[in-house]
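Visitor: Input: one structure, supplied below.
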Amino acid sequence: MRDIKVDILKLEGDIDGGLNFNLKFKDIDILKGGYPIEGTLNRVVGSYNLKSDDLRLDIDGVVKGRGGEVSLRGGTSLNIGDLNSTLRYNLKSQVMVNIEFLNRYIDTIHISRYRQLI
């Protein structure tokens, strides 16, 4: 696993007015279920109000793994002090499946189930 790299494209504001930021996350590298997953969030734009704890984020990114690729676009807003009742989000994704990986996975499931029946 590599360290996640963050490019700070914009960071401005103050305690009274809050912070506005524009970030890019690169080299996201995690291991899930024994499979490596890599990704990039090309755009994370948002604002955070220090006094009210309100956070707003807009994201645009891609996550890739052996099983395929998922593109994410959307946004969220929440109050960090009251997450349960203030979390709002709108996410859109597009999934591109690696058909060779899917076929191997399906074959593995079929063989496992077949062995259980014997």
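Visitor: Which residue out of Ile37, Ile99 is surrounded by 13 or more Cβ atoms within 10 Å (Cβ to Cβ), free of Cβ contacts under 8 Å to residues at least 60 places away in the same chain and among the β-branched types (Val, Ile, Thr)?
Guide: Ile37
Visitor: Additional query: From Leu55, Leu9, which residue is touching a helix residue (DSSP H, G or I) at 6+ places or on another chain (Cβ under 9 Å), modelled with pLDDT of 90 or more and not β-branched (Val, Ile, Thr)?
Guide: Going through Leu55, Leu9 in turn, just one is touching a helix residue (DSSP H, G or I) at 6+ places or on another chain (Cβ under 9 Å), modelled with pLDDT of 90 or more and not β-branched (Val, Ile, Thr): Leu55.
Visitor: When the stretch 1-40 is examined, which residues are found to be more than 16 Å from Gly65 (Cα to Cα), part of a strand (DSSP E or B) and β-branched (Val, Ile, Thr)?
Guide: Val6, Ile8
Visitor: Next up: Test each condition in (1) in a strand (DSSP E or B); (2) out of contact with any Lys or Arg (no Cβ under 6 Å at 6 or more places or on another chain) for Lys51 and report the one that comes out false.
Guide: With (1) in a strand (DSSP E or B); (2) out of contact with any Lys or Arg (no Cβ under 6 Å at 6 or more places or on another chain) applied to Lys51, the lone miss is (1).
Visitor: Now for a different question. Among the numbered criteria (1) touching a residue at least 12 places away in the same chain (Cβ under 8 Å); (2) small (Gly, Ala, Ser); (3) farther than 15 Å from Ser93 by Cα, which one does Ser71 miss?
Guide: That leaves (3) as the condition not met.
Visitor: Look at the stretch 17-42 and say how many of its residues are closer than 19 Å to Arg88 by Cβ and at pLDDT below 90.
Guide: So the answer is 0.
Visitor: Confirm whether Ser71 is of a type in the set (S, T, N, Q), surrounded by 14 or more Cβ atoms within 10 Å (Cβ to Cβ), at pLDDT 95 or above and not in a helix (DSSP H, G or I).
Guide: Here the answer is no, as Ser71 does not meet what is asked.
Visitor: Of (1) outside any strand (DSSP E or B); (2) touching a strand residue (DSSP E or B) at 6+ places or on another chain (Cβ under 9 Å), Tyr105 satisfies all except one. Which?
Guide: Exception for Tyr105: condition (2).
Visitor: Identify, from the list Asp60, Asp82, the residue that is assigned to a helix (DSSP H, G or I), at pLDDT 90 or above and either surrounded by 10 or more Cβ atoms within 10 Å (Cβ to Cβ) or touching a Gly at 6+ places or on another chain (Cβ under 6 Å) (or both).
Guide: Working: Asp60 fails: assigned to a helix (DSSP H, G or I).
Residue meeting the stated conditions: Asp82.
The values are calculated or read from the model by the stated rules, or taken from the named source; none is laboratory data. No experiment lies behind these values; they were computed from the predicted model shown. With ideal geometry, Cβ positions are generated from the backbone for all residues, glycine too; neighbour counts draw on all protein chains shown.
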